[in-house]
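What follows is a short report on a single structure.
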Amino acid sequence: MDISPLQRVRYAYQPKLPAILRENIADVAPILGEKTSSATDQEAIKALFPHTYGLPRVSFSKGKNDKIAQKRNVGVILSGGQAPGGHNVISGLFDALKAANPDNTLYGFKGGPSGILEDSYKIIDSDFLQAYRNTGGFDIIGSGRTKLETAEQFEVCAQVCKKHDINALVIIGGDDSNTNAAVLAEYFLAKDHGIQVIGCPKTIDGDLKNEFIEVSFGFDTATKTYSELIGNIERDANSAKKYWHFIKLMGRSASHIALECALETQPNICLVSEEVEARKQSLVSIVDSIAQAVAKRADNGNNFGVVLIPEGLVEFIPEIKSLIEEINHLLAKEEAAFNALSDTAARISFVASHLSKASQDAFTVLPEEIKAQLLMDRDPHGNVQVSRIETDKLLAAMVEIRLKQMRKDGSYKGKFSWMTHFFGYEGRCAFPTNFDADYCYSLGYNAYMLIAGGLSGYLSSVTNLSASADSWQAGGIPITMMMNMEVRHGEKKPVIKKALVELDGAPFKYFAAHRDTWAVETCFTYPGAVQYFGPEEVCDRTTVTLALEQAK
C-alpha cells in the first residue's frame, strides 16, 4: 500500500504518557478513592446497577501489582461514529497488554458491537498495528452502531468471550456506547461470568464530559480541523469582501464544537443552541439578530462575514422544537396514511393539516425545502434526522428576506450575497493532533491498568489535560457516576447524561464578552493547519475551551 510522507513519519511518533504510566508496569498499583453516586436519579440508578453503583474513583500510584503479569486476553470494540485517535487507544491498550505479559492477546471485534455478536474478529499483533499508529479513522477493525442492550445479546457476548478465553472487553465509544458498556458490566457481574468491561470516552461532539472526563477524545482534532477551514473561509471573505458565509458544524445536541471554533477563529456571529433555548429565542428573532449584524457591518462598508451554526440548533428553538416533537408523534401515529402519499407537496399539506395552530404557524414560515427535510425518514429512535436539515440555508434565506424588508423601510443599504457550508465528516477521521495522539494512547494504556486492577464498569479517565502530559493524572470512574434516567421509546431508561455548554462557564463567558465586537469589526483569526513538529505552544496545545476551563 502506498503511504503519504506524513503517514510514514507519524508511524514513528511515540505518544507521551502521564508520568505514573511511564513507570515499570509492575510497579503501578490502583488506589481506591471516595465512593461515587450518579449524576441524578440516584435511587433508580442504584436499583438498576446493584453491582456497579457507588464504586470508588480510582487513581494510580507507585506500588507493587502482583497480578499484573497474569495471562489475559482482551477484546476491543470500536462503537458509534468515528473520532480521531481511536487507533491510538488500541495502540496504548496493546502496548500495556504486551508490557504486562508478552503472551497476552488482543482481539479486535470487527464492525463494532455486531462483531462480538457474530464472533467476527481480528487478532491484533505488532506488525498489523504498526500501519495504524497515530493515524485517524476506525478502519483498523471498523465500527458500527449495533446496540448491546438485551439479555440475549449479553449472553452471546459472554459465550464468545469464554470461547476465546477473553477476560475483559474495552468498549471505545460515546455516551450511548458507554451506557451499553455499563449495562454489560452489570450483567457479567450479576451472572458471575468473570469478564470485565472498561469504557473509553469518544465523541467529537464534546458532550461526554464531567470533572473527571475533561474532554472526549477526537474533539481536539475535529475542532482544529474545522477551525482551519473556517479560518480559510474568513480569509477568503476578507479578501473578496462580498460574501456572507453560513457554516453549519457537526454536533448533534451540544454546541461545544461551534463554541470552540468560535474561540479559535473569532467569526462575526456564532449561535449557541443552549443560549437560544435558555432565552427562548424564536426563529424570527434569531434571523432578525443576524440581519441587524449584517446591516451594521454594511454601514461600515463591510458586506461580508461569517456565521457559525451548531448542527442541532433547530431542536433548541422553542417553536421548532415543539413542531419537531409534534411531527415525530404524528408520523408515528399516521405512518400508513403518510407513507401512502408519494408527492412531497401532498405530504407537506397532510402534515400541516394535522398540526396545532402554534406548530402550523412555525411550519408555514419555513421554506419548502426545509419543510420537506423535516419529513424525511426518521432515525432508529423515530426522530427527525437533524443533521440532514440544512439550517445554514434556512437561516441564510430567511436573513435575505428580512434584509429586503429592511431595505424597503430604509434601515439597510448594503449588498447581501451568501454561501453555505457544512463541516462534519471532514473532521471525524483526520490525522489526530499531538494532543489527541497522546491522550488516546494514554486512555488505552490506562484502560489496561484498570483491567489489571480487577475493575469493571469503569471509564478510563485521564485528567489535568491543560498541563503537559508529564502532569496528567491517570485513573478511572464508575460509568454509573455519569448516568441519569431519560425517556427513550416511551419508557425511562438509564443513560449517560449529555454535557451541554454551560452558560455560566468560562468558555461561554469569554465568548459572550467579545462577540459584540466580533460582530461589527473584522477580528478574524486564522489557526492554519494542524502542526505536528515545532514549538510545543503550537504543536501540543489543547483547545481554547479546556484552557479557559482550567485557567488558574
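The values are calculated or read from the model by the stated rules, or taken from the named source; none is laboratory data. Just so it is clear, the model here is predicted, and its values are computed rather than measured. So basically every Cβ, Gly included, is an ideal-geometry build from the backbone, and we count neighbours across all protein chains shown. What goes into the accessible areas is simple: the full protein's heavy atoms, side chains included, and nothing from ligands, DNA or RNA. Shrake-Rupley method; radii C 1.70, N 1.55, O 1.52, S 1.80 Å.
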Single residue of Gly92, Gly111, Gly115, Gly86 found to be surrounded by 24 or more Cβ atoms within 10 Å (Cβ to Cβ), over 17 Å from Phe431 (Cα atoms) and in contact (Cβ under 8 Å) with a residue 12 or more places away in the chain: Gly115
Complete set of residues in segment 437-468 that are among the aliphatic types (A, V, I, L, M) and open to solvent by 10 Å² or more (accessible area, probe 1.4 Å): Leu455, Ala467
Flagged pairs (Cβ under 7 angstrom, 6 or more apart or on separate chains; first in segment 507-523, closer than 14 Å to Glu260 by Cβ; second exposed (fewer than 14 other Cβ atoms within 10 Å of the Cβ)) are Phe508/Glu502
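Give segment 81-102 a look and list any residue that's over 11 Å from Phe217 (Cα atoms) and part of a helix (DSSP H, G or I), or say none. If you could, list the steps in order and put the result at the bottom.
First pass over segment 81-102, keeping only residues over 11 Å from Phe217 (Cα atoms): 81, 87, 90-102.
Of everything in segment 81-102, those that are over 11 Å from Phe217 (Cα atoms) and part of a helix (DSSP H, G or I) turn out to be His87, Ile90, Ser91, Gly92, Leu93, Phe94, Asp95, Ala96, Leu97, Lys98, Ala99, Ala100.
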Might you let me know whether segment 14-24 holds any residue that is more than 25 Å from Ile479 (Cα to Cα) and surrounded by 20 or more Cβ atoms within 10 Å (Cβ to Cβ)? yes
So is Asp2 open to solvent by 60 Å² or more (accessible area, probe 1.4 Å), out of contact with any helix residue (DSSP H, G or I) (no Cβ under 6 Å at 6 or more places or on another chain) and not basic (Lys, Arg) or not? yes
Take the residues in segment 210-236 that are in a loop (DSSP other than H, G, I, E, B) and out of contact with any helix residue (DSSP H, G or I) (no Cβ under 7 Å at 6 or more places or on another chain); name whichever of them is nearest to Asn303 (Cα to Cα). Ser216
I need every pair where a residue in segment 33-49 that is within 29 Å of Phe60 (Cα to Cα) has its Cβ under 9 Å from the Cβ of a residue that is assigned to a loop (DSSP other than H, G, I, E, B) and open to solvent by 80 Å² or more (accessible area, probe 1.4 Å), sequence separation at least 6 or different chains. Ser38/Lys497; Ala39/Lys497; Thr40/Lys497
Would you confirm, using the coordinates I've provided, whether Lys497 is touching a strand residue (DSSP E or B) at 6+ places or on another chain (Cβ under 6 Å), under 27 Å from Ser255 (Cα atoms) and surrounded by fewer than 14 Cβ atoms within 10 Å (Cβ to Cβ)? no
Out of the residues in segment 244-274 meeting the condition of being outside any helix (DSSP H, G or I) and of a type in the set (D, E, K, R), tell me which one is surrounded by the fewest Cβ atoms within 10 Å (Cβ to Cβ). Arg252
When both residues are 6+ apart or on different chains and their Cβ atoms are under 8 Å apart, which pairs have a first residue that lies in segment 409-431 and is farther than 30 Å from Thr203 by Cα, and a second that is charged (D, E, K, R) and at pLDDT 95 or above? Lys413/Asp299; Lys413/Arg407; Gly414/Arg297; Gly414/Asp299; Lys415/Lys242; Phe416/Glu400; Ser417/Lys242; Trp418/Glu400
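Looking only at residues in segment 47-78 that are closer than 30 Å to Met485 by Cα and small (Gly, Ala, Ser), which one is least open to solvent (accessible area, probe 1.4 Å)?
Residues of segment 47-78 closer than 30 Å to Met485 by Cα: 47-59, 75-78.
Restricting the remaining residues to those that are small (Gly, Ala, Ser) gives 47, 54, 59, 75.
On the way: Ala47: 79, Gly54: 15, Ser59: 51, Gly75: 0 Å².
So the residue we want is Gly75.
Among the candidates Asp41, Asp27, which residue alone is surrounded by 16 or more Cβ atoms within 10 Å (Cβ to Cβ) and more than 23 Å from Ala467 (Cα to Cα)? First the steps, then the outcome.
Working: Asp27 fails: surrounded by 16 or more Cβ atoms within 10 Å (Cβ to Cβ).
One residue alone meets the criteria, Asp41.
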Pick from Pro527, Pro507: which is part of a loop (DSSP other than H, G, I, E, B), modelled with pLDDT of 95 or more and either open to solvent by 40 Å² or more (accessible area, probe 1.4 Å) or not hydroxyl-bearing (Ser, Thr, Tyr) (or both)? Pro527
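Okay, residues lined up against (1) within 24 Å of the chain's Cα centre (by Cα); (2) open to solvent by 50 Å² or more (accessible area, probe 1.4 Å):
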residue: Val276; (1), (2): yes, no
residue: Val306; (1), (2): yes, no
residue: Glu311; (1), (2): yes, no
residue: Ser322; (1), (2): no, yes
residue: Asn339; (1), (2): no, yes
residue: Ile348; (1), (2): no, no
Only residues in segment 171-193 that are free of Cβ contacts under 8 Å to residues at least 60 places away in the same chain count as the first member; pair them with residues that are of a type in the set (A, V, I, L, M, F, W, C) and in a strand (DSSP E or B), Cβ under 7 angstrom, at least 6 apart or cross-chain, and list the lot. Leu184/Val197
Hits in segment 170-209 - residues which are out of contact with any helix residue (DSSP H, G or I) (no Cβ under 6 Å at 6 or more places or on another chain), outside any helix (DSSP H, G or I) and farther than 24 Å from Cys429 by Cβ: Lys191, Asp192, Gly194
The condition from (1) open to solvent by less than 30 Å² (accessible area, probe 1.4 Å); (2) at positive phi that Lys280 misses is numbered (1)
Within segment 139-190, residues being among the hydroxyl-bearing types (Ser, Thr, Tyr), surrounded by fewer than 23 Cβ atoms within 10 Å (Cβ to Cβ) and under 23 Å from Lys209 (Cβ atoms) number 0
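Could you pull out the residue among Asp377, Asp392, Asp361 that is part of a helix (DSSP H, G or I) and over 30 Å from Asn303 (Cβ atoms)?
Details: Asp377 fails: part of a helix (DSSP H, G or I); Asp392 fails: over 30 Å from Asn303 (Cβ atoms).
The unique qualifying residue is Asp361.
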